[in-house]
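Below: the structure, in structure tokens.
Here, each number is a calculation from the coordinates, and none is a lab measurement. Every value quoted in this text rests on a predicted model; they were computed, and no experiment measured them. With ideal geometry, Cβ positions are generated from the backbone for all residues, glycine too; neighbour counts draw on all protein chains shown.
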Amino acid sequence: MGWLGYSIATTKRLPPTSIVGHTEEVPPGHILTTPMPLAIQKHMLEHADGGGRPGVIINYNCVKFRCPDGTVERLAEVVRRYPEFVYLAPYPEMDVKIAVTKPGKILTLDEVEQMRIRAFIEG
């Protein structure tokens, strides 16, 4: 029981990479200023906009972490390159500054690295 408690206490809160428990809803846009519910994130991973290819979600946390000016805009620039299937949303409960997710995979970053993000999206 001690190991389980330690494991739960030290597990980082990250966005989902699985569609288990998703809902059949879509977000109001690709660049959001409010958090995207996790059930909707899972649906977007399944298929962007409810019917396209699997989606990619870029979450950021500028509540727990200090984000330099322009962070969100630099992330939005990446999203604009892939308007059909990439989303951006804040995730203030997340335990990393930036997380990029696609089905079964996650990339976490401490700063905006547009080339790494684009390589992850395209890979």
Evaluated over the chain, the Cα radius of gyration and Dmax, each in Å: 14.3, 47
Debye intensity ratio in log₁₀ form over the Cα atoms of the range 32-91, taken at each q of 0.17, 0.20, 0.29 Å⁻¹: -0.56, -0.74, -1.23
Mean separation of Cα contacts under 8 Å (6+ apart) over length of the chain, as relative contact order %: 28 percent
Under-5 Å amide H pairs with I31, H placed in peptide plane, nonlocal only: L88
Antiparallel %, DSSP beta bridges [both residues in the chain], to 5: 60 percent
Per-residue Cβ neighbour rank within 10 angstrom, fewest leading, K64, K42: K64, K42
Selected from L107, G52, V26, residue furthest toward positive end of dipole (the chain; charges at beta carbon): L107
Fluctuation leader among P37, P28, P16 - the chain, Gaussian network, Cα springs under 10 angstrom: P28
Long-range lysine pairs (8 or more apart or interchain), the chain, Cα under 15 Å: 5
